[in-house]
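A quick write-up on the structure given underneath.
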Amino acid sequence: METAPIGPAIRAWHRMLPVQTAFEALATHVRFEHGDSIYQSASSEDFCYRVLSGAVRKCAVTSGGHRRIVDFLLPHDLFGLGEDRRHRFALEASVNDTTIARYPRSFIERLADSDPRVARQIREAACASIDRLEGRMLILGLGRARERVCAFLLDLAGRLDHRRSEAEICLPMSRYDIADYLAMAVETVSRVLTQLRLEGVIYLSSQRSVRICDWDALQWNCAATRSVSPRLRASGSCIAASRGTMAYSA
C-alpha cells in the first residue's frame, strides 16, 4: 500500500522545529523490562527506534541456537533502519525500565527526504553503528582475554562520555552479556577482573561496581587497540590522568 507524501504545510511545520522535536512529534514511547523483546530477527521494519533510557542488546542467533551479542545500544542511539526491510538481528532490553521511542519508518523516511537535518541525523546514526561494529571486530581480534576486557572498559567509558567524572557509571549489562559480547566465558571475564584488582588497576568496591584506579595501566594492557577507533583513543588519552567508577549488573 502506498502512502501519500508529506504535504507542504507539514513539511514547513517540521522545518520550523528543532530536529529532535520533529522526531519526538512522531514518537510513541514504549517501556521494556530486562529480557523483553523489542523486535525479532526477520521481522518487518515498520518502525525505527531510539533508546531514551536503559540499554538494548543487539543479538544474532546461530544455526545451533546460540545467542551472540553484537552491539549494545545506549541512550540517544537510533536503530532499526536497514535496507532490506527485514531486521537481521533481534533486539532485547538488557536492563529493567528501558524506554524506547518508536517512530513510523515510512513517515521518517519521507521526512528525511524533505528535511536535511533529519537525513543528517540518520546518516550520523548509521556511521556510529558502523564505528561500533568495526571497533568490536578489532577488539575480538585481540588474542588475550585480558586485552579484550580492558579494551571493552575503555570503549564503553568513551561512549558514556565520563572521561573526567569520578561519579559511579552504571554499565547496563551483566557479566554474562559482557562475556557474550567479547566471545569468552563468563568465568574468564571474572578472572580478568580479579587479576586487574590484584594489580591495582581496578578496585572491586562491590559485586556491582568496579573502580578504575589506573587508566594508564588499563590502556597499556590493550596497547594494540590504540588504533582501533577514535573513541578508544580518546577514552584512553583524555582520561589517563583521571579516575572513575563503573558499575555493572551481575
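The values are calculated or read from the model by the stated rules, or taken from the named source; none is laboratory data. Treat the numbers as computed from the prediction; the structure is a model and nothing was measured. Quick reminder, even Gly has a Cβ in these numbers, built from the backbone with ideal geometry, and neighbours come from all protein chains shown.
Quick one: would you say residue 63 is more than 13 Å from residue 181 (Cβ to Cβ), of a type in the set (S, T, N, Q) and touching a Pro at 6+ places or on another chain (Cβ under 8 Å)? Against the criterion (more than 13 Å from residue 181 (Cβ to Cβ), of a type in the set (S, T, N, Q) and touching a Pro at 6+ places or on another chain (Cβ under 8 Å)), residue 63 does not qualify. Among the residues making up region 18-66, a single one is of a type in the set (Phe, Trp, Tyr) and modelled with pLDDT under 75: 23.
Every residue in region 74-119 that is closer than 18 Å to residue 28 by Cβ and without any contact (Cβ under 8 Å) to a residue 40 or more places away in the chain, please. Once the filter is applied, which keeps residues that are closer than 18 Å to residue 28 by Cβ and without any contact (Cβ under 8 Å) to a residue 40 or more places away in the chain, region 74-119 yields 75, 76, 109. Residues in region 175-189 that are within 19 Å of residue 91 (Cβ to Cβ) and surrounded by 19 or more Cβ atoms within 10 Å (Cβ to Cβ): 177, 178, 180, 181.
For region 145-154, name all the residues that are under 9 Å from residue 221 (Cβ atoms) and of a type outside the set (A, V, I, L, M). 146, 147, 150, listed by residue number.
I'm told residue 111 meets every condition in (1) under 28 Å from residue 47 (Cβ atoms); (2) at pLDDT 85 or above except one. Can you identify the failing condition by its number? Checking residue 111 against (1) under 28 Å from residue 47 (Cβ atoms); (2) at pLDDT 85 or above, the one that fails is (2). For region 117-169, give me each residue that is at pLDDT below 85, within 13 Å of the chain's Cα centre (by Cα) and surrounded by fewer than 19 Cβ atoms within 10 Å (Cβ to Cβ). The answer is 159, 160, 161.
Answer yes or no: is there a residue in region 164-171 that is at negative phi, assigned by TED's automatic domain parsing to the domain that holds residue 198 and out of contact with any strand residue (DSSP E or B) (no Cβ under 8 Å at 6 or more places or on another chain). Scanning region 164-171 turns up at least one residue that is at negative phi, assigned by TED's automatic domain parsing to the domain that holds residue 198 and out of contact with any strand residue (DSSP E or B) (no Cβ under 8 Å at 6 or more places or on another chain).
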